[in-house]
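The values are calculated or read from the model by the stated rules, or taken from the named source; none is laboratory data. Keep in mind the model is a prediction, meaning the values are calculated, not measured. FYI the Cβ positions are ideal-geometry reconstructions off the backbone, even for glycines, and counts take in every protein chain you see.
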Amino acid sequence: MELTFSCHRCQVVNHVPRAEQARSFACKSCGAERDLHPEAIASGELRCCPICATTDLYIQKDFPQGLGLFIVIVGFAISTVFWYLERPIYTYLILLGSALLDLVLYYRVPDVAICYRCLSQVRGEGSNPGMHLRPFDLAIGERYRQERIRAEELRLAGRSVGERIPSPDQAVPHG
Ligand SMILES: [Zn+2]
Ligand SMILES: [Zn+2]
């Protein structure tokens, strides 16, 4: 399985070719070490995100999401030329062809498993064991998106306030 994730320090995208064998990984750009969760891949099957151990993962077709739309639009553009040239048969053939190409692509292109929390991606055999992963769920995605926004706000606040953030046990009133 191939793991793709962005570095927590410099945000550069990294690839780990055989994630099932790797225990830790150093960022190719800044060298930041990242431990991988060894329990994430067991007997060749993906159990959770190797980066953050989240079990909420979704599945997506492994090609740019705009590509399908692009094919339909290009097909439509070409077909209008033939419509203008009064060749209706060619017009319909091209429309049909672009729709078929879309369909073939959809079924031929493999899936990629993506972590809701850290957006790491896992490709390859075993990344969707038993086909139990579902496509992106807006409600779950929104929950994790809000979490990421809060984490980013805390990070920025921590950077500007520095040492003055009270630790959680100091904030608890005594008595
Ligand atoms: Zn880095
Ligand atoms: Zn993750």
Legend entry - Unmet requirement for His15, which otherwise passes all of (1) under 23 Å from Ile140 (Cα atoms); (2) within 15 Å of the chain's Cα centre (by Cα); (3) more than 13 Å from ligand 2 (Cβ to nearest atom): (1)
Inset, instruction - Restrict the check to region 54-76 and report whether at least one residue is of a type in the set (Val, Ile, Thr) and in a loop (DSSP other than H, G, I, E, B). - result: yes
Inset, instruction - Of all residues in region 16-52, count the ones that are away from ligand 1 (no atom under 16 Å from the Cβ) and among the charged types (D, E, K, R). - result: 6
Inset, instruction - Spot the failing condition for Leu85; the list is (1) within 16 Å of ligand 1 (Cβ to nearest atom); (2) surrounded by fewer than 13 Cβ atoms within 10 Å (Cβ to Cβ); (3) of a type in the set (A, V, I, L, M), and only one is missed. - result: (1)
Legend entry - Selection count, region 49-72, where residues are under 14 Å from Phe5 (Cα atoms) and either free of Cβ contacts under 8 Å to residues at least 24 places away in the same chain or loosely packed, with under 12 Cβ neighbours inside 10 Å (or both): 1
Inset, instruction - Pick out the one residue from Gly158, Gly124 that is more than 17 Å from Ile51 (Cβ to Cβ) and either surrounded by 14 or more Cβ atoms within 10 Å (Cβ to Cβ) or modelled with pLDDT under 90 (or both). - result: Gly158
